[in-house]
Amino acid sequence: MPDNAQRGEVIVEGDLKAKSAAILADIDSVIDQTLQIFELNSKEGEIIESIGSSISILLTTLKLSLSLSQNIFQNDFPAVKSAVLNGNAEIILMLANGNIITKKFGELDSTQVVNVIKEAIPKLSQSAEARKVDLTEKIVLLKKVAKQFQRVKAMNGNMVEEGEE
């Protein structure tokens, strides 16, 4: 009988060691996954910041602010009346109660970023095209004006030549 009791203890002790090893392996796995998630979150934040910087450059170059759908921000702010993306890549939220909230682009979550991009790119494209047409027309006009003013330079050059004689 003592042998069976000892065997029972050995089996229980072996089961305990196996269960402990499994729990420790699970803990290691969870820690590794959590560290990877931390790194991914950090990279996601850097990428969102980079996108915000690029959008800021585009908006500043185009001298533009964009209105955005309130739906993008409804989960965080259910009472959003209007949303605007400005040249600093900030989202200005006007709430129904009159309060104004400013969110930096880097504070948005990835879903909001994707939704802002989906909405902003067509508007940016349209504005860029219109701005390019406008600038092209202005340059054509300025070239004509400059050409006409060349006559003044030519006239001034003739006067200097006549005066030197």
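Okay, here's what the table says:
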{"item": "Selection from the range 89-102 of residues that are free of Cβ contacts under 8 Å to residues at least 24 places away in the same chain and within 20 Å of residue 121 (Cα to Cα)", "result": "90, 92, 93"}
{"item": "Residue check, residue 140 modelled with pLDDT of 95 or more and in a helix (DSSP H, G or I)", "result": "yes"}
{"item": "Single match in 152, 160, 114 (criterion: out of contact with any Lys or Arg (no Cβ under 6 Å at 6 or more places or on another chain), modelled with pLDDT of 95 or more and in a helix (DSSP H, G or I))", "result": "114"}
{"item": "Failed item in (1) more than 30 Å from residue 135 (Cβ to Cβ); (2) modelled with pLDDT of 95 or more; (3) exposed (fewer than 12 other Cβ atoms within 10 Å of the Cβ), with residue 71 passing the rest", "result": "(2)"}
{"item": "Residue match in the range 124-132 (condition: surrounded by 10 or more Cβ atoms within 10 Å (Cβ to Cβ), under 26 Å from residue 40 (Cβ atoms) and of a type in the set (Lys, Arg))", "result": "no"}
{"item": "Check on residue 19, part of a helix (DSSP H, G or I) and either modelled with pLDDT of 95 or more or under 38 Å from the mean Cα position of the chain (by Cα) (or both)", "result": "no"}
{"item": "Hey, residue 79 at pLDDT 95 or above and either surrounded by 12 or more Cβ atoms within 10 Å (Cβ to Cβ) or in contact with a strand residue (DSSP E or B) (Cβ under 6 Å, 6 or more places away or on another chain) (or both) or not", "result": "no"}
{"item": "From 60, 34, residue being hydroxyl-bearing (Ser, Thr, Tyr) and in contact (Cβ under 8 Å) with a residue 12 or more places away in the chain", "result": "60"}
{"item": "Among residues of the range 22-74, those that are charged (D, E, K, R), more than 14 Å from the chain's Cα centre (by Cα) and in a helix (DSSP H, G or I), counted", "result": "4"}
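The values are calculated or read from the model by the stated rules, or taken from the named source; none is laboratory data. No experiment lies behind these values; they were computed from the predicted model shown. Here the Cβ is made from the backbone with ideal geometry for all residues, glycine too, and neighbour counts use every protein chain on show.
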